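The block underneath contains the structure these notes are about, expressed in structure tokens.
The values are calculated or read from the model by the stated rules, or taken from the named source; none is laboratory data. Keep in mind that this is a model prediction, so the values were computed, not measured. So basically every Cβ, Gly included, is an ideal-geometry build from the backbone, and we count neighbours across all protein chains shown.
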Amino acid sequence: MARKATITQEQVNTAANDLVASGQTPTNRAVLDKLGSGSMATIVKLMQQWRSSQESGKAHVDEVLDVQVVRSIQNMLSIKIKEATAQKYSEIALLQNDLQNVITENEHQAILLEENDVQLSELQAQVQSQAGQIEQLETEATRLREQISQEIKLREAAQFTLAKAEVRIESLPAIMEELKEARAEAKRKGEEVAELRGTLVAMNVKTEKKI
């Protein structure tokens, strides 16, 4: 879609007429500098229309002039032709210069577009790289979540084992007391057994003597 021109024909006409009124040559560059904005391509196009309107105005003046004045002017044609030719050559040179400016401006715009394409490619590469990094981070986050879940389970198991150990530790004095009583009971039983054995031995001796 073509970009809408920001400089109008009326603005260009006014700037060119002001330059002529101040005794300056209304070149495309001079008009562009006077306006302070716009592109050279737009100025060249609008200045061509302005120059055409100036030439049409001169032709109309020639038609309404008195015949005697026209004849007097014709006597100066040989001189004016040279001046006009020189002026046209000057205008051609200015147009060529303006054309070169337009070409330079277009080349600059092309360079900017190329730079923008390069920047866009770099941004796309960065986006792809960041997408890969994000995927890696998500994978790492999933792994860490699983690891944390396993550690939580291990911690819960360790807490359960610790609780069981604490219960055993709390019941240890009672167990030790039971063990002490069992040892005392075993000692008492051993003494009884020894006493019974002594009695048995004595009974055996008596029996042998009677025989």
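Quick rundown of the values:
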| read-out | value |
| --- | --- |
| Subset of region 13-29 [among the charged types (D, E, K, R) and either touching a residue at least 60 places away in the same chain (Cβ under 8 Å) or surrounded by 18 or more Cβ atoms within 10 Å (Cβ to Cβ) (or both)] | Arg29 |
| Candidates Ala165, Ala182, Ala174 - the one that is loosely packed, with under 10 Cβ neighbours inside 10 Å and free of Cβ contacts under 8 Å to residues at least 40 places away in the same chain | Ala174 |
| Conditions (1) under 22 Å from Met47 (Cα atoms); (2) at pLDDT 80 or above; number of the one not met by Ile111 | (1) |
| Criterion (in a helix (DSSP H, G or I), at pLDDT below 80 and either out of contact with any strand residue (DSSP E or B) (no Cβ under 6 Å at 6 or more places or on another chain) or under 19 Å from Gln24 (Cβ atoms) (or both)) met by exactly one of Val70, Val102 | Val70 |
